[in-house]
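Step one of this worksheet: look at the structure below.
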Amino acid sequence: MTRPLLIFAAGFGTRMGALTKDRPKPMVEVAGRPLVDHAIEIGRAAGCAPIVANTHYLRGAIEPHLAARGVVASPEEDAILDTGGGLRHALPRLGPGPVFTLNSDALWTGPNPLDTLEAAWEGEGDGALLLCVPRERAVGRDGPGDFAMAPDGRLTRGGPFVYTGAQIIDPAVLAPEAGPVFSLSRVWTRLAAAGRLRGIVHAGGWADVGHPGGIAAAEDMLARA
């Protein structure tokens, strides 16, 4: 099934320090390519259409790059809308139905993360399906895990699994959220309480590239793969 993809590319990249002084974090290079290009490649390989990226911080430095690659920009002009608000704002460009989202500050090896999610998606029974890795396989990760995962995949807050930044989500679950700015984390908490948040484990490698130390670690992971 062809499914739309939203790449989150609007953030300020404060954890990157000086690297994001004159460019948005998705334009920071890892293994010779901007982070956002790695995400676009995953989307193309999974057959996603359209591919959309939200933009805000230094968006003039990334939007021409996106356009040259056939990616549609979803500008957040007045204020950054966080992940939930950014997804809601991008929906007219994405079209109806469940969508993939990818964080642009992460890298994966092994099976295409979007293919893994698609194969495990159960339709209306799921509000969101999150791709996770065990904490011990989370390269460059600081801090504990995010979720506990039951045998049937149901997720609850706090546990040994780390969210990798790849998911399928039904936009209908955004409806109860008021206001234009909100985090998907809040949506996940609500879905978990209703038993509608599931996870699946990524079989390959994953690296957090949201901070400078993650760059070398991610490049080493890619080289070993």
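Where a number appears in this text, it was derived from the coordinates with a stated rule and is not lab data. Note that this is a predicted model, so its numbers are computed, not measured. We place every Cβ from the backbone using ideal geometry, glycine too, and count neighbours over all the protein chains shown.
Evaluating 6.51 cos²θ - 1.76 cosθ + 1.60 at θ = phi - 60° for every residue in region 21-34, the Karplus couplings come out as 5, 10, 7, x, 3, x, 9, 5, 8, 9, 6, x, 9, x Hz, glycine and proline recorded as x.
Farthest towards the positive end of the charge dipole of the chain, among the residues Pro111, Thr189, Ile51, is the Cα of Thr189, using unit charges on the Cβ of Lys, Arg, Asp and Glu. Mean separation of Cα pairs under 8 Å and 6+ residues apart, divided by the residue count of the chain: what relative contact order is that in percent? Once divided by the residue count of the chain, the mean separation gives 24 percent.
Once the other residues with Cβ under 13 Å from the Cβ of Thr14 are scored (Lys, Arg +1; Asp, Glu -1), what is the net sum?
Charge balance in the 13 Å sphere: +2.
Within the chain, DSSP assigns beta bridges of which about 50% are antiparallel (rounded to the nearest 5).
Quick one: which residues, 5 or more positions from Ser104 or on another chain, have an amide H under 5 Å from its amide H? H modelled 1.01 Å from N in the peptide plane, none for Pro or chain starts. Amide H neighbours of Ser104: Phe8.
With both labels modelled 7 Å from their Cα along Cα-to-Cβ, the Ala79 to Ala172 distance reads 3.0 nm. Taking only alpha carbon atoms, region 1-112 gives an Rg to Rh ratio of 0.94, where Rh is the Kirkwood radius. On the beta carbon distance between Leu222 and Ala148, with R0 = 30 Å, the FRET formula returns roughly 0.55.
In whole percent, what relative contact order does region 131-190 give with Cα contacts below 8 Å and a gap of six or more residues?
31 percent
Taking a ≥ b ≥ c as the square roots of the Cα gyration tensor eigenvalues, the chain comes out rounded, since a/c falls below 1.5.
Spatial offset of region 28-49 relative to region 148-199 amounts to 24 Å, using the alpha carbon center of each. Compared with the alpha-carbon gap, the fully stretched path from Thr2 to Arg44 is longer by 14.1 nm at 0.36 nm per residue. Out of Ser104, Ser185, Ser74, any idea which swings most in a Gaussian network model of the chain, alpha carbons joined below 10 Å? It is Ser185.
For the residues Ala192, Ala150, Ala53, a GNM of the chain with alpha-carbon springs under 10 Å puts the largest fluctuation on Ala150.
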